[in-house]
Structure formats: structure tokens, C-alpha cells
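Asker: Structure provided below as C-alpha cells; questions to follow.
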Amino acid sequence: MIKPNPFTPQSGWEPRFFGGREEELNFFEKVLSESIKGAANHMVILGEWGTGKTSLAKQLKKIAQSQGCPTAFCPLSNISSRSALKDTIHLIAQEMLLGLPKDAAVENADNLLKDLGQLQPQVKFTKFLLNLWGTIEDNTAVVFIDDVQNLDINAGVIDTLRSVLSRDEVIKNTNYLFVLLSTPRGWQDFIDKHNPVGRFFRKRIYLENLDQVETSEIIDKTLSEAEVDFNDDIKKAIYDNTEGHPYELQLLCSNLYDSQLQANITNDIFIKALKNTLRELGKDYFEALYRRASDREKEVLSILVEKNKPLSIADIRSVMITEKRKAGFPIANIKNFLYRLYEKEIIKRKDSGEFEIIDPMFAKYLEVFEFQKGV
Ligand SMILES: Nc1ncnc2c1ncn2[C@@H]1O[C@H](COP(=O)(O)OP(=O)(O)O)[C@@H](O)[C@H]1O
Ligand SMILES: [Mg+2]
């Protein structure tokens, strides 16, 4: 019987082999041990789409559990963005009730919430944390809140969390460790809106892509029980294309695995798997990302795709004038278009001030599917 594909190109799916992230795991262990000693430093973990925030959180959860700390995991779906403060606080409280152990004496744990009736969300959550703590005997309870970027910044959820967690009675009588996960841009929006939030969640992890050695190791270990393996050339090509982006890596490997079951991976087969990967990434994310750009912004973007290297504002302006020669294109606005593309997370800005497409797979996707150049 053919073994099932061991790769996991689904968001939130635990990879078969969790690679890299040693620094992050150690950092969390340190924060956790400080917490156990009584000094909780709430944390935030930032990472772009698909860089492995949820997967990392699940590893951290296991670490906490292995230290005897009760844990709760609260995912915030897109729906959260439309919810009022009181509903979101309620949701978080319910997830905490689900995950954290309750004293046998609390017959119906939900009563902890219901009894608080119509109090203001802030007061209600404070009382909830205090009451729930009375039922937990362990000395640190870890609460993960995933996809914080889905919250409406105006609803005030993060600020409520901050102000509740900094109340004296909560600090003195409880020992929760909150770990928030978000995209960097989403988090920045909270900080811009409400500065103390940034100072409060002081311990911060920023998830980068995996390096080449880690990427290789993940591929080998994931394939360890499979009938196929990828040779060094293929592994290098995988790294070159994905730059170690965890989700892209899993998806490309998954497609390669399926094709290798039929034949050895030739260049043609690699390109076909890559194209399928780009198509799927398109459906998952890239298409929606591209649609955020206006028509004018798309024209500016096409130059970055064509030139396939970082460009300054002046470079782009000169290509637009000398090569594109679009009648009526507002050259003077190129700077604005670039900043808007940057705000929409379609391009990034290097320290040198040059702009480039947010990631090479996205650039490739634009080239193949949106600007129709073929692979
Ligand atoms: N450290 C890792 N090692 C191997 N695969 C990983 C790792 N982190 C994430 N992945 C894989 O990458 C994909 C995206 O991970 P996910 O945790 O859902 O990212 P995010 O929550 O940041 O969007 C998943 O398919 C997951 O299996
Ligand atoms: Mg996630």
C-alpha cells in the first residue's frame, strides 16, 4: 500500500517533523520559568502568513504541559473582527474554561461567567480571572491567543486585556502567562493605536523563515519513513524557491512527493510541481493579496516583477518613463503607489530604501499567473 503524503500544507496542521525554532523554544522556556517563579512577562509572537506561528504555539503548549502548567488555546477567526468587545472577551473566557482545569467543586464552570451578568467587559474579565484562579492549583497557567490580527483594532480587546492584566489584584492573586500571536502589521496597528500595549507585551519573538540547513533537515526527517527521498539538487531547488517559508515549503514538497511517486524528479517535473504550488498558493493567499492593489499600483508592481530585483523609487520612475511610456501615467505619484503597496504588504522595503516583492514565490506567481509570462 502507498503511504500517505507526509507533508502538511494546511495552516495550523502540525508538521510531521517540526524543525528549527530552537532559539524560540529556548526563549519561551526562559519566560515560562520566570513565570513559574512568579514574574509573568506576557509575550507576543509575530510572523507573516504561513511562517509557523500556530505550529510554534502548539509546541510551546507541549512544553508548558510537560512542566505541569495548565494551558488554553484560543484561536480568533475572521468572525472576531466583527464582534464587539464583550463577545470577544466572552469567547476568550470560554476557551480558557475549556482548556484550563477546574476544581471539582465548580460544578458548572460556565457559571463563573454567567454569574457575572452584565458587568462591563473589563470588570467582568477581571472577576473571571480571579474566580477561575481560585480553582487552579498550579502556579502558572498559559493562555495562547492566536491570530490576534483578526481583531478589530477599534473594539479595544487588546487594550482591555492589557489593563486587566496590569491590575494589582490580578497581579497579586493570579499567575497567568498570556502569549499572543499575530502578523507583524496587525500588531503594529494596535501599537500605533494604543502605545502602552507595545510596552506591556514586552517579550517578543519574531518568526523568520527557516534557513537552508533547517529546511533540508525538515525534508529528510519528514520523508524518513517514506519510500521516496529528495536528492540534494532538489532540496536546493526547494530552498531557492521558497527561501525556507514553512507553508510554501510544505506545499511544494507535498506536490513533489506526489509526482515522485510516479517517476524521478526531472527538471520538467519540478517545474510542473512548482506551477501547481503557485496555483494553490494563489487560491490560498496570493490572488487576494494581488487584488488589494489598485490598477495604477499594479502597473508599478509589474515593473518590480519584470526587473526581478530590488528597485529604488528613482529606478522605477525611470523604467516607467523610458520603457513603459504609458500615456497619462501620473509619474509624480509613483512614490505614493509604492507606499500603498508597502502598506498592503505586497512589497517590502529594504534597509537600502529599495523595494521588492514581499516573497519570491509571490513574485513568481505574479509573473506566471497575473502578468502571464509563463515559468
Ligand atoms: N517549524 C516547522 N517545521 C516544519 N513545518 C512547519 C514548521 N512550522 C510550520 N510548519 C508548517 O508550515 C505550515 C504553516 O504553519 P502555520 O503554523 O499554520 O503558520 P501560521 O500560523 O504562521 O500561518 C503548516 O503546514 C505547518 O505544518
Ligand atoms: Mg496560524
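No lab work stands behind these numbers, since they all come straight from the coordinates. Note that the structure is a prediction, hence the values are computed from the model and not measured. In this analysis, Cβ positions are derived from the backbone assuming ideal geometry, glycine residues included, and neighbour counts consider all displayed protein chains.
Asker: Multiply the residue separation of Leu25 and Val213 by 0.36 nm, subtract the distance between their alpha-carbon atoms, and state the gained length in nm to one decimal.
Answerer: Between Leu25 and Val213, full extension yields 65.9 nm more.
Asker: For segment 87-100, in order, what is each residue's ³J(HN,Hα) by Karplus, 6.51 cos²θ - 1.76 cosθ + 1.60 with θ = phi - 60°, in whole Hz (x at glycine and Pro)?
Answerer: Values per residue, Gly and Pro as x: 5, 5, 4, 4, 4, 4, 4, 5, 4, 5, 5, 5, x, 7 Hz.
Asker: Right, next: Return the percentage of antiparallel bridges among DSSP beta bridges fully within the chain, rounded to the nearest 5 %.
Answerer: Restricted to the chain, the bridges split so that about 20 percent are antiparallel.
Asker: Between 0 and 90 degrees, rounded to the nearest ten: what's the tilt of helix 121-133 against the longest Cα principal axis of the chain?
Answerer: Around 70 degrees separate the two axes.
Asker: Using 7 Å Cα-to-Cβ label points, what is the Arg82/Thr135 separation (nm, one decimal)?
Answerer: That separation, rounded to one decimal, is 3.1 nm.
Asker: Say each of Gln188 and Glu280 gets a label point 7 Å from the Cα, pointing the same way as Cα to Cβ; how far apart are those two points in nm?
Answerer: Label-label distance for Gln188 and Glu280, simple model: 3.0 nm.
Asker: Something else about it: Given just the C-alpha atoms of segment 129-205, how large is their convex hull per residue in cubic angstrom?
Answerer: Looking at segment 129-205, the number lands at 97 Å³ per residue.
Asker: Working from Cα positions, state the angle (0 to 90°, nearest 10) between the long axis of helix 334-343 and the longest principal axis of the chain.
Answerer: Roughly 40 degrees, rounded to the nearest 10.
Asker: Stretched out fully, how many nm does the piece from Phe329 to Ser294 gain, at 0.36 nm a residue minus the Cα gap?
Answerer: Contour length minus the Cα-Cα distance gives 11.3 nm.
Asker: Translational D (Stokes-Einstein, µm²/s) of segment 294-370 at 10 °C and 1.306 mPa s when Rh comes from the Kirkwood sum over C-alpha pairs?
Answerer: 128 µm²/s
Asker: Using +1 on the beta carbon of Lys and Arg, -1 on that of Asp and Glu, and nothing else charged, what's the dipole of segment 22-206 about the Cα centre, debye to 20?
Answerer: Around 300 debye, computed over segment 22-206.
Asker: While we're here: Hey, rough spin-label estimate for Asn336 and Glu34, points 7 angstrom out along Cα→Cβ, what's it come to in nanometres?
Answerer: 4.5 nm
Asker: Please list, or write none, the aspartates and glutamates whose alpha carbon is within less than 17 Å of the alpha carbon of Lys235, excluding same-chain residues fewer than 8 places away.
Answerer: Straight-line reach from Lys235, under 17 Å: Asp211, Glu214, Glu217, Asp220, Glu227, Glu243, Glu248, Asp258, Asp268.
Asker: OK, next. Please arrange His245, His194 by counting, for each residue, the other beta carbons lying within 10 Å of its beta carbon, fewest first.
Answerer: Result, fewest neighbours first: His194, His245.
Asker: If you don't mind, another one. Any chance you could give the angle, 0 to 90 degrees and rounded to 10, that helix 53-66 forms with the longest Cα principal axis of the chain?
Answerer: The helix 53-66 is inclined about 40 degrees to the chain.
Asker: Let me ask another. Multiply the residue gap between Asp315 and Gln94 by 0.36 nm, knock off their C-alpha separation, and tell me the result in nm, one decimal place.
Answerer: Gain on stretching Asp315 to Gln94: 74.2 nm.
Asker: Now, a different point. Can you put Arg325, Arg279 in order, fewest other beta carbons within 10 Å first?
Answerer: On the way: Arg325 8, Arg279 16.
With the fewest neighbours first, Arg325, Arg279 line up as Arg325, Arg279.
Asker: What are the principal axis extents of the Cα atoms in the chain, in Å, biggest first?
Answerer: 71, 59, 31
Asker: Using Cα pairs closer than 8 Å and at least 6 residues apart in sequence, work out the relative contact order for the chain, in percent.
Answerer: This gives 19 percent for the chain.
Asker: Taking the Cα centre of segment 212-289 as origin, work out the dipole magnitude from +1 charges on Lys and Arg Cβ and -1 charges on Asp and Glu Cβ, in debye rounded to 20. Could you put the intermediate results ahead of the total?
Answerer: On the way: 7 positive and 16 negative charges, 58 e Å.
Computed about the Cα centre, the dipole is about 280 debye.
Asker: Using only alpha carbons, build the gyration tensor for segment 221-375 and give me the equivalent ellipsoid semi-axes, biggest first, whole Å.
Answerer: Numbers: eigenvalues 241, 41, 35 Å².
Listed largest to smallest, the semi-axes of segment 221-375 are 35, 14, 13 Å.
Asker: Mind giving me the FRET efficiency for Asn5 and Asp168? R0 is 56 Å, r the Cβ-Cβ distance, nearest 0.05 is fine.
Answerer: About 0.60, to the nearest 0.05.
Asker: Would you order Trp187, Trp133 from fewest to most other beta-carbon atoms within 10 Å of each residue's own beta-carbon?
Answerer: Trp133, Trp187
Asker: Follow-up. Hey, got the dipole for the chain? About the Cα centre, +1 on K and R Cβ, -1 on D and E Cβ, debye to the nearest 20?
Answerer: With only Lys, Arg, Asp and Glu charged at Cβ, the dipole is about 1240 debye.
Asker: How big is the Rg/Rh ratio for segment 195-286, C-alpha atoms only, Rh by Kirkwood, two decimals?
Answerer: Ratio value, two decimals: 1.12.
Asker: Counting only helical runs of four or more DSSP H residues, what would the 222 nm mean residue ellipticity of the chain come to if each run contributes -39,500 (n - 2.57) and the total is spread over all its residues? If you can, show how the numbers build up before the last one.
Answerer: On the way: 18 runs with 184 residues, N = 375.
Per the formula, -14500 deg cm²/dmol.
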